[in-house]
Amino acid sequence: MKKLLFLLPVAFLLQATVSFKAPKTPNIVLIFMDDMGYGDLSCYGASTYRTPNIDRLAAEGIRFTNFLSAQAVCSASRAGLMTGTYPNRIGVSGAFFPNAGVGIADQETTMAEMLKQKGYATAIFGKWHLGHEKQFLPLQHGFDEYTGLAYSNDMWPIWYNGKHEKGTFKEHWPTLHLIEGNEETRPITTLEDQAELTTLYTEKATDFIKRNAKKPFFLYVPHTMPHVPIDVSSKFKGKSGQGLYADLMMEIDWSVGEIMKELKTQGLDDNTLVIFTSDNGPWINYGNHAGSTGGLREGKGVSYEGGQRVPGIMRWKGQVPAGMVCNQLSSTIDIFPTLASITGASLPNHKIDGVNLSEILEGNMDAKPRDFFAYYYRKNNLEAVRKDHWKLVLPHTGRTYKGFLPGNDGYPGPNTEKHEEPLALYDLRRDAGEEYDVQRQHPEIVKELQAYAEKIRADLGDEITGVEGSGRRPLGKLRQ
């Protein structure tokens with residue numbers, strides 16, 4: 001029966017899972033990093049610096065080891081997180097550039113809109129990247145408050161040296177602005193301006209907790225960094241002794257500590273679910289300004305594990321068992337239906353792709369709410385499919401960083417977007433680095449995963465094979 005689960009409607013799967021039992025509706029804090037790699041935290045193997053506050057989250061909750069982003073790129077991954085769907089189902093692909101004229105569609109239900117059904121106060125402090133025109137901004141999609149950047153911090157008219165340089169492809173990009181609510185406020189024109197962002201988001205987050213301590217709240221903190229360009233406040237510059245990236249990891253860890261401290265001060269520690277994860281893997285051609293994949297293959301923009309497997313930590317004191325490690329397949333798209341189950345909120349009427357992880361949060365490490373996952377990239381290319389620990393890479397042309405020397409100190413090294421990837425099967429139990437193709441030893445697994453790929457294509461389409469897909473919904477377009 002397990003092999004047929006992917007044929008069943010998502011709603012059936014969610015209803016079939018036991019609802020989470022808790023004494024009352026929890027507050028929810030979702031901390032979402034940008035380009036943080038699987039190996040960037042000391043609880044995931046980082047060795048040259050420590051992240052004690054984040055490590056404590058893991059020690060007091062569940063640390064996921066097979067936690068996948070929705071897609072290995074900014075806008076798509078955030079669309080998946082916010083809606084519980086594969087981003088290509090709702091027309092979102094890649095990273096939206098300034099003046100793109102597209103964004104999240106009005107008919108999609110965001111996590112914030114879902115939680116407002118239950119009376120939650122909602123706020124986002126950080127990077128949105130689901131459309132920067134007013135109709136796409138957070139206040140039009142369920143959030144009460146917003147302070148942050150509309151898109152990535154490298155989408156500005158500043159060259160890699162931190163200066164305006166004529167003749168570069170960035171020269172004509174608009175000035176980057178901080179947005180408050182729906183309005184652009186102060187310009188972000190220097191690396192020193194960017195260095196203030198982590199502290200700003202943290203202060204906004206702790207203030208929101210203070211102001212909403214007497215009612216349920218959803219606090220979303222999608223940090224601008226460690227997406228390049230990176231910088232840190234004077235509190236942390238040079239503090240690690242291991243370079244700017246390690247300084248930044250210390251500041252991010254400090255930020256998590258400040259949020260946890262405020263929850264405790266307000267007496268909310270026992271009734272707050274804290275989730276920490278990342279949008280995709282590290283942009284590894286930036287060398288010492290990029291993170292670590294922890295030995296996984298490739299990085300951001302690639303559907304190998306280094307691009308898509310990310311840290312995933314969930315902590316809810318007294319409800320989620322402490323010190324647990326979950327090796328089951330799971331994804332950021334699963335957070336949406338899990339929060340619906342925990343809070344009793346209604347799921348949207350349209351189809352979503354996430355599954356409810358409540359059984360795992362209750363301590364059942366043998367539960368398998370998710371058996372399969374589809375790895376899409378570019379506009380709508382199905383590049384791989386996975387069942388449990390088996391991953392079938394489908395023939396495609398894509399990015400590779402292999403064979404190219406990374407850049408350093410804020411400058412990128414080269415890569416290619418035209419690398420030909422052949423059909424290959426990997427056993428991720430024994431080969432997390434995806435180096436040994438075992439399709440000849442396991443032809444029955446190849447056949448099963450190819451059949452799954454065909455069913456996914458019929459639903460979501462696949463530009464590689466020319467399949468349109470019947471289950472896709474339109475992207476939001478700018479109203480004239």
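The values are calculated or read from the model by the stated rules, or taken from the named source; none is laboratory data. Keep in mind that what you see is a predicted model, and the values were worked out from it rather than measured. Neighbour counts are summed over all protein chains in view; Cβ atoms, including those assigned to glycine, are modelled from backbone coordinates with ideal geometry. All accessible areas refer to the heavy atoms of the entire protein, side chains included, with ligands and DNA or RNA removed. Shrake-Rupley method; radii C 1.70, N 1.55, O 1.52, S 1.80 Å.
Worth pointing out:
- Taking helices (runs of 4 or more DSSP H) as the structural unit, those lying wholly within region 42-126 and holding at least 1 residues that are closer than 16 Å to PRO337 by Cα correspond to 74-83, 111-116.
- Put simply, of ASN182, ASN161, ASN153 the only residue that is crowded, with 20+ Cβ neighbours inside 10 Å and polar (S, T, N, Q) is ASN153.
- Counting only strands (runs of 3 or more DSSP E) wholly contained in region 323-406, the ones carrying 3 or more residues that are open to solvent by less than 10 Å² (accessible area, probe 1.4 Å) and among the aliphatic types (A, V, I, L, M) occupy 381-387.
- Verdict on LYS368 being within 30 Å of ILE158 (Cα to Cα) and basic (Lys, Arg): no
- Test: residue in region 391-399 that is touching a Gly at 6+ places or on another chain (Cβ under 6 Å) and either small (Gly, Ala, Ser) or at pLDDT 95 or above (or both): yes
- Residue within region 408-425 that is in contact with a strand residue (DSSP E or B) (Cβ under 8 Å, 6 or more places away or on another chain), closer than 27 Å to ASN99 by Cα and not in a strand (DSSP E or B) present: yes
- Of the residues making up region 428-445, one or more are in contact (Cβ under 8 Å) with a residue 12 or more places away in the chain and part of a helix (DSSP H, G or I).
- Count of region 76-102 residues, restricted to those that are open to solvent by 10 Å² or more (accessible area, probe 1.4 Å), farther than 20 Å from SER303 by Cβ and of a type in the set (A, V, I, L, M), is 2.
- Flag for TYR120 being closer than 22 Å to GLU203 by Cβ, more than 21 Å from the chain's Cα centre (by Cα) and open to solvent by less than 10 Å² (accessible area, probe 1.4 Å): yes
- Of note, TYR401 satisfies the criterion of being in contact with a helix residue (DSSP H, G or I) (Cβ under 6 Å, 6 or more places away or on another chain), over 30 Å from HIS350 (Cβ atoms) and in contact (Cβ under 8 Å) with a residue 60 or more places away in the chain.
- Qualifying position, being out of contact with any Phe, Trp or Tyr (no Cβ under 6 Å at 6 or more places or on another chain) and either within 18 Å of GLY37 (Cα to Cα) or aromatic (Phe, Trp, Tyr) (or both), among ILE259, ILE252: ILE252
- Residues that are more than 20 Å from the chain's Cα centre (by Cα) and free of Cβ contacts under 8 Å to residues at least 24 places away in the same chain occur in region 243-259; there is at least one.
- Of all residues making up region 247-265, the number that are within 18 Å of GLU203 (Cβ to Cβ) and either in contact with a helix residue (DSSP H, G or I) (Cβ under 6 Å, 6 or more places away or on another chain) or open to solvent by less than 10 Å² (accessible area, probe 1.4 Å) (or both): 11
- Of the residues making up region 212-233, those that are surrounded by fewer than 22 Cβ atoms within 10 Å (Cβ to Cβ) and either within 17 Å of SER42 (Cα to Cα) or free of Cβ contacts under 8 Å to residues at least 12 places away in the same chain (or both) number 1.
- Here region 304-322 is the region considered, the condition is being of a type in the set (A, V, I, L, M, F, W, C) and surrounded by 23 or more Cβ atoms within 10 Å (Cβ to Cβ), and the residue that is farthest from TRP283 (Cα to Cα) is TRP316.
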